[in-house]
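Engineer: For reference, the structure I am asking about is given below.
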Amino acid sequence: MKVTAHRLFILLMVISLLLTGCTATDDIETESLALQVEEIKEATEVEEEPEIEEVFDIKIEKNEDHFRITGGEIKDFFIWENEEQLLLTDEESGKTLLLKLQEIEWEETNPPIVDLLNDGERIVAIESPLEGRYFIIKETEGFTLYHLSKNSFKSIATIAGEDYPSYKISKDGSRIAFIDDETKNISIYSLNTKQFTSFNLDIEVEEYLKNFHERVILSPKGTYLTLITKDDNGIEGFKSFYSDSGKILHDLIYGVCPVWSNNQNHIAYLYRSSSEAVAKETINGVPLYTSDKLGIFNRGSRKISLVTEVEGPNKIIGGAQWTPNDDILIFTGGDTDLSLLYLYTVKSKSITTYKNDAFIISYQLLENQSLVLNVSQDEGTGLKVVNTGDGSSTTIDEINSFKLSKTNKEIPFLIINDEIIYIKENSLYALDSQNSRCLFKNRREIDSIQYLSNISSIAVVFQDGPATEIAVVPYNPKE
């Protein structure tokens, strides 16, 4: 029994040592395994990094009549025209590609815009008022305005705004007017002098925030600023100032909807006397100013003349528009609808009236004196082009509205070199007053377009499944 007990004791000791040894070994192996797992995780993360590049794993294809950029999921981008270069920037990754369309290839590049995009703030709008120069507005605590030139960018102001920044750029692109978020005054920044001019407001800033485009007007060359304001009795009128010095050009003139002539010598507006406010009526669901006559302010003589009154029950509805050479004023009107088009010849003081069979939503005059009307139809809207010489017209039914790339503007048509660019049934067309031609046939809904002047093309943006595709379509207006 003693032998058996002794042997049993030795056996138990051996088992104990073996068990202790296994535990120690297991601990070491476990630690080693944990390290290996960490190494595998790190290796996996390193291997996953190239997947980011797949955002720019794109292809440039040359089709029969256009180039197409496909692949990846580039959902928030802008095409930059930098001299002779074409750059595509993705905001999410901050990466930029140099597109070489003719060579059917691209390469990654690093322009100044990359640093601006990498801070994670959303870009609200991109404006290109002058060739090679950009205004970029980003959503911060307010809306930050950046000025981007060829080699650098800088923050120049914070713009106030409720849902969207309150700003306006002069027709020639030389100046931008906006509400400064810090001072709550109107500021003008000049691209030429890089200087600011500030203007105190006579009424509450909230009035301008709600109706900025209606209340703040820049003359075509940006030389003058016109502000809609009120007298002590609440009657509306407007004052004008020199943009660079801030000096007043004229005191309060009673009336609304002021519009500068292209040569900046006159202001046309809806006239009312100081004893009564300009009426505002809701027409086709839209609140619009109405009056029975137009006034014209002469900047040189500082005198006001009245355009012949419109005969009742019709009235002028909304503001007027000058022809390119300032010899004719165009305005719309009607009784209970907006269906009349008036052409007032300044020199002869005569009025020609065109009767339209549909509600006029908006209009624009071409250099060739043809009028482009966006009119209401039973299903959506259409285009009507009126020859002001002989009164003949061309109608395009059921067009689709679209956005200009990287802006918040949805428009029914775009004028390029006196041609009308529009979208119908998901395809892009150009109309030269009478004849229409298809520029790009597409089966998908077009989201936005961008005119690329340096390569005489239009970029057409649309969704194809989860990815965004871009078609770069050659565009050469007819002579």
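The values are calculated or read from the model by the stated rules, or taken from the named source; none is laboratory data. Please read these numbers as outputs of a predicted model, since none were measured by experiment. Cβ: placed from backbone, ideal geometry, glycine included. Neighbour counts: every protein chain shown.
Engineer: Would it be correct to say that THR193 is hydroxyl-bearing (Ser, Thr, Tyr), outside any helix (DSSP H, G or I) and crowded, with 21+ Cβ neighbours inside 10 Å?
Structural biologist: No; evaluated as a whole, the condition is false for this residue.
Engineer: While we're on this one: Do the conditions hold for PRO412, that is, is it under 22 Å from LEU371 (Cα atoms) and not basic (Lys, Arg)?
Structural biologist: yes
Engineer: Can you tell me which of ASP432, ASP418 is surrounded by fewer than 16 Cβ atoms within 10 Å (Cβ to Cβ), assigned by the TED database to the domain that holds VAL472 and touching a Pro at 6+ places or on another chain (Cβ under 8 Å)?
Structural biologist: Working: ASP432 fails: surrounded by fewer than 16 Cβ atoms within 10 Å (Cβ to Cβ).
Within the list ASP432, ASP418, the selection yields ASP418.
Residue-by-condition table, conditions (1) buried (at least 20 other Cβ atoms within 10 Å of the Cβ); (2) in a strand (DSSP E or B); (3) in the same structural domain as GLU127 (by the TED database):
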| position | (1), (2), (3) |
| --- | --- |
| THR352 | no, yes, no |
| ASP357 | no, no, no |
| SER362 | no, yes, no |
| LYS384 | yes, yes, no |
| THR394 | no, yes, no |
| GLU398 | no, yes, no |
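Engineer: Hey, ARG302 hits all of (1) in a strand (DSSP E or B); (2) on the phi > 0 side of the Ramachandran plot; (3) surrounded by fewer than 16 Cβ atoms within 10 Å (Cβ to Cβ) but one; which does it fall short on?
Structural biologist: (1)
Engineer: So, in segment 364-382, exactly how many residues are under 14 Å from ASP418 (Cα atoms) and outside any strand (DSSP E or B)?
Structural biologist: Adding up the residues that qualify gives 4.
Engineer: Could you count how many residues in segment 134-161 are within 25 Å of GLU206 (Cα to Cα), touching a Lys or Arg at 6+ places or on another chain (Cβ under 8 Å) and aliphatic (A, V, I, L, M)? Break it down stepwise before answering.
Structural biologist: The initial filter retains those residues of segment 134-161 that are within 25 Å of GLU206 (Cα to Cα), namely 135-146, 155-161.
So of that shortlist, the ones also touching a Lys or Arg at 6+ places or on another chain (Cβ under 8 Å) come out as 138-139, 144, 146, 160.
Filter once more, keeping what is aliphatic (A, V, I, L, M): 160.
Total satisfying the criteria: 1.
Engineer: Moving on. Kindly indicate the residue of segment 320-335 that is at pLDDT below 85 and surrounded by fewer than 20 Cβ atoms within 10 Å (Cβ to Cβ) and also nearest to ASP251 (Cα to Cα) among those meeting that condition.
Structural biologist: Of segment 320-335, the ones at pLDDT below 85 are 324, 332-335.
Next, only the ones that are surrounded by fewer than 20 Cβ atoms within 10 Å (Cβ to Cβ) stay: 324, 335.
On the way: PRO324: 27, ASP335: 33 Å.
Looking at the filtered set, the residue picked out is PRO324.
Engineer: Looking at GLY246, GLY222, can you tell me which residue is out of contact with any Phe, Trp or Tyr (no Cβ under 7 Å at 6 or more places or on another chain), modelled with pLDDT of 90 or more and among the small types (Gly, Ala, Ser)?
Structural biologist: From the options GLY246, GLY222, the qualifying one is GLY222.
Engineer: Identify, by number, the condition in (1) at pLDDT 65 or above; (2) of a type in the set (D, E, K, R); (3) over 19 Å from PHE462 (Cβ atoms) that ARG68 doesn't meet.
Structural biologist: The single condition ARG68 does not satisfy is (3).
Engineer: Check off (1) under 17 Å from TYR271 (Cα atoms); (2) touching a Lys or Arg at 6+ places or on another chain (Cβ under 8 Å) for ASN314 and give me the number that stays unchecked.
Structural biologist: Every condition holds for ASN314 apart from (2).
Engineer: Name the one entry in VAL310, VAL346, VAL286 that is surrounded by 12 or more Cβ atoms within 10 Å (Cβ to Cβ), at pLDDT below 80 and farther than 30 Å from ASN426 by Cα.
Structural biologist: Numbers: VAL346 fails: at pLDDT below 80; VAL286 fails: farther than 30 Å from ASN426 by Cα.
Result: VAL310 is the single residue among VAL310, VAL346, VAL286 that is surrounded by 12 or more Cβ atoms within 10 Å (Cβ to Cβ), at pLDDT below 80 and farther than 30 Å from ASN426 by Cα.
Engineer: A follow-up question, please. If I filter segment 145-164 for residues that are more than 20 Å from ILE123 (Cβ to Cβ), free of Cβ contacts under 8 Å to residues at least 60 places away in the same chain, buried (at least 16 other Cβ atoms within 10 Å of the Cβ) and not aromatic (Phe, Trp, Tyr), do I get at least one hit?
Structural biologist: Scanning segment 145-164 turns up no residue that is more than 20 Å from ILE123 (Cβ to Cβ), free of Cβ contacts under 8 Å to residues at least 60 places away in the same chain, buried (at least 16 other Cβ atoms within 10 Å of the Cβ) and not aromatic (Phe, Trp, Tyr).
Engineer: Something else about it: So which residues in segment 156-176 are in a loop (DSSP other than H, G, I, E, B) and either under 16 Å from GLN195 (Cα atoms) or not polar (S, T, N, Q) (or both), if there are any at all?
Structural biologist: Within segment 156-176, the subset in a loop (DSSP other than H, G, I, E, B) is 160, 162-164, 166, 170-174.
Residues satisfying the conditions are ALA160, GLU162, ASP163, TYR164, SER170, LYS171, ASP172, GLY173, SER174.
Engineer: Does ASP251 satisfy the criteria of being assigned to a strand (DSSP E or B), among the charged types (D, E, K, R) and surrounded by fewer than 17 Cβ atoms within 10 Å (Cβ to Cβ)?
Structural biologist: So ASP251 fits the description; yes.
Engineer: Residues in segment 439-479 that are small (Gly, Ala, Ser), surrounded by fewer than 21 Cβ atoms within 10 Å (Cβ to Cβ) and more than 20 Å from ILE399 (Cα to Cα): how many? Please lay out each step first, then the result.
Structural biologist: Of all residues in segment 439-479, those small (Gly, Ala, Ser) come to 448, 453, 456-457, 459, 465, 467, 471.
After this cut, where a residue has to be surrounded by fewer than 21 Cβ atoms within 10 Å (Cβ to Cβ) as well, the list is 448, 453, 456, 465, 467.
Going one step further and asking which of them are more than 20 Å from ILE399 (Cα to Cα), we end up with 453, 456, 465, 467.
Of the residues in that region, 4 qualify.
Engineer: Is it the case that segment 72-91 has a residue that's at pLDDT 75 or above, assigned to a strand (DSSP E or B), out of contact with any Pro (no Cβ under 9 Å at 6 or more places or on another chain) and surrounded by fewer than 18 Cβ atoms within 10 Å (Cβ to Cβ)?
Structural biologist: No, segment 72-91 contains no residue that is at pLDDT 75 or above, assigned to a strand (DSSP E or B), out of contact with any Pro (no Cβ under 9 Å at 6 or more places or on another chain) and surrounded by fewer than 18 Cβ atoms within 10 Å (Cβ to Cβ).
Engineer: Cβ-Cβ under 7 Å, sequence separation 6+ or interchain: first residue in segment 78-102 and closer than 16 Å to ALA125 by Cα and of a type in the set (A, V, I, L, M, F, W, C), partner at pLDDT below 75 and assigned to a loop (DSSP other than H, G, I, E, B). Which pairs?
Structural biologist: Matching pairs, first to second residue: PHE78/LYS406.
Engineer: Another one. Considering only residues that are within 24 Å of the chain's Cα centre (by Cα) and assigned to a loop (DSSP other than H, G, I, E, B), look in segment 196-244 and name the one that is farthest from ILE296 (Cα to Cα).
Structural biologist: ASN211
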